[in-house]
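A.B. asks: Here it is, the structure, as structure tokens.
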Amino acid sequence: MNPAARQDTCFRPGDVLRVSCPDAPARVAGIGRDHICLEWPWWQVDPACDWIRWNGQVALPLRNEPGDRETSLFRTDPPTDRLTAGDTCRVGIPSTVVHVARVDRFDPPLETGRLPRPHLSLTLLRAGEAHHPELEEQGEEFVPEDDIPFVLELLLRPYAFLEPGDEVSDAAGRAWRFDGPWAWEPFDGAEPHTPVWPLTLLTREGSPLDPDAPDPVARATATGSHASEATRWQALTGVSPHSAGHGEGP
């Protein structure tokens, strides 16, 4: 992970990232009907976890094409369908644009049978992949502070000038609470469910804005619109914000 991203662990649902990982040598431990098992070149066994025993292997799908229900951002060289048990290969992630579908935080850190124990995990969907609520599992889980040497580059944070929990009023005189870029809910409960720019910051962290202080939200929304923010996001992700399915875990 690049140093700037490592310092910023406040990832948000809706963030658009470019992810990559330098490849590393791995050995094929076994081949199943649909998966290949690699002796993973990263992570360590957690000796203090007595209820999960990780065997040092990670499974990747034999077919790994975009659009497959089971896929992974990790790629092997040679490809998985050309490998057999005992072969050596390289595994990594080619540069890929993704968007953050979910953020989960753990206190205490989550026990997985591996080290390091995660404080934070991201569920990522690749560009062109919309959220499907009927699927129980979708996307790929990433731990930014893992010892896998990810490089994560923030390409776009929609509504970056707002903080979760901010309360704003819009140009139509309606009040809103900001819980995510594509999850706007007006206090009046009426339609439409998107604010009209420019916006005015009412409260941040539960406190009213100092009337003598400049309003950063009003300055950021003096031009543009919710639709233009959504268009920028869709141009990078290839999916509609209405199908993003973003969420924040505990």
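A.B. asks: Only one residue in L125, L83 is surrounded by 16 or more Cβ atoms within 10 Å (Cβ to Cβ) and farther than 17 Å from E141 by Cα, so which one is that?
C.D. replies: The unique qualifying residue is L83.
A.B. asks: Using beta carbons and a limit of 8 Å, which pairs, at least six apart or on different chains, have the first residue in segment 106-119 and in the same structural domain as F142 (by TED's automatic domain parsing) and in a loop (DSSP other than H, G, I, E, B) and the second one β-branched (V, I, T) and surrounded by 16 or more Cβ atoms within 10 Å (Cβ to Cβ)?
C.D. replies: P116/V143; P118/T112; P118/V143
Residue by residue, here is whether (1) among the β-branched types (V, I, T); (2) over 30 Å from F106 (Cβ atoms); (3) modelled with pLDDT under 95; (4) not assigned by TED's automatic domain parsing to the domain that holds R102 holds:
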position: A172; (1), (2), (3), (4): no, yes, no, yes
position: L209; (1), (2), (3), (4): no, yes, yes, yes
position: A220; (1), (2), (3), (4): no, yes, no, yes
position: T223; (1), (2), (3), (4): yes, yes, no, yes
position: T231; (1), (2), (3), (4): yes, yes, no, yes
position: G249; (1), (2), (3), (4): no, no, yes, yes
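A.B. asks: When you check D23 against the structure, is it surrounded by 11 or more Cβ atoms within 10 Å (Cβ to Cβ), under 19 Å from L110 (Cβ atoms), touching a residue at least 60 places away in the same chain (Cβ under 8 Å) and not basic (K, R), yes or no?
C.D. replies: no
A.B. asks: Then there's this: Here is a check on your reading of the model: is A5 modelled with pLDDT of 95 or more and touching a Phe, Trp or Tyr at 6+ places or on another chain (Cβ under 9 Å)?
C.D. replies: Against the criterion (modelled with pLDDT of 95 or more and touching a Phe, Trp or Tyr at 6+ places or on another chain (Cβ under 9 Å)), A5 does not qualify.
A.B. asks: Mind listing whichever residues of segment 146-170 are more than 15 Å from S95 (Cα to Cα), in contact with a strand residue (DSSP E or B) (Cβ under 7 Å, 6 or more places away or on another chain) and among the charged types (D, E, K, R)?
C.D. replies: E163, D166, E167, D170
A.B. asks: Among the candidates S72, S95, single out the residue that is hydroxyl-bearing (S, T, Y), under 23 Å from Q138 (Cβ atoms) and part of a strand (DSSP E or B).
C.D. replies: Of the residues listed, the single one that is hydroxyl-bearing (S, T, Y), under 23 Å from Q138 (Cβ atoms) and part of a strand (DSSP E or B) is S95.
A.B. asks: All but one of (1) in contact (Cβ under 8 Å) with a residue 12 or more places away in the chain; (2) out of contact with any Leu (no Cβ under 9 Å at 6 or more places or on another chain) hold for G189; state the number of the condition that does not hold.
C.D. replies: Just one mismatch for G189, condition (1).
A.B. asks: Moving to a separate point now. Criterion first (more than 24 Å from Q44 (Cα to Cα) and within 13 Å of the chain's Cα centre (by Cα)) does L154 satisfy it?
C.D. replies: Yes.
A.B. asks: Is it the case that some residue within segment 132-139 is in a loop (DSSP other than H, G, I, E, B), among the small types (G, A, S) and crowded, with 19+ Cβ neighbours inside 10 Å?
C.D. replies: yes
A.B. asks: Follow-up question, since we're still on this one. Please give the number of the condition P181 fails out of (1) touching an Asp or Glu at 6+ places or on another chain (Cβ under 9 Å); (2) without any contact (Cβ under 8 Å) to a residue 60 or more places away in the chain; (3) outside the structural domain of P118 (by TED's automatic domain parsing).
C.D. replies: Here P181 clears every test but (2).
A.B. asks: Please indicate, with yes or no, whether at least one residue in segment 148-157 is touching a residue at least 12 places away in the same chain (Cβ under 8 Å), among the basic types (K, R) and within 30 Å of R75 (Cβ to Cβ).
C.D. replies: Looking for residues that are touching a residue at least 12 places away in the same chain (Cβ under 8 Å), among the basic types (K, R) and within 30 Å of R75 (Cβ to Cβ), one finds at least one in segment 148-157, hence yes.
The values are calculated or read from the model by the stated rules, or taken from the named source; none is laboratory data. Owing to the predicted nature of the structure, the values given are computational and were not obtained by experimental measurement. A quick note on method: Cβ atoms are made from the backbone with ideal geometry, for glycine too, and the neighbour counts reach across all protein chains shown.
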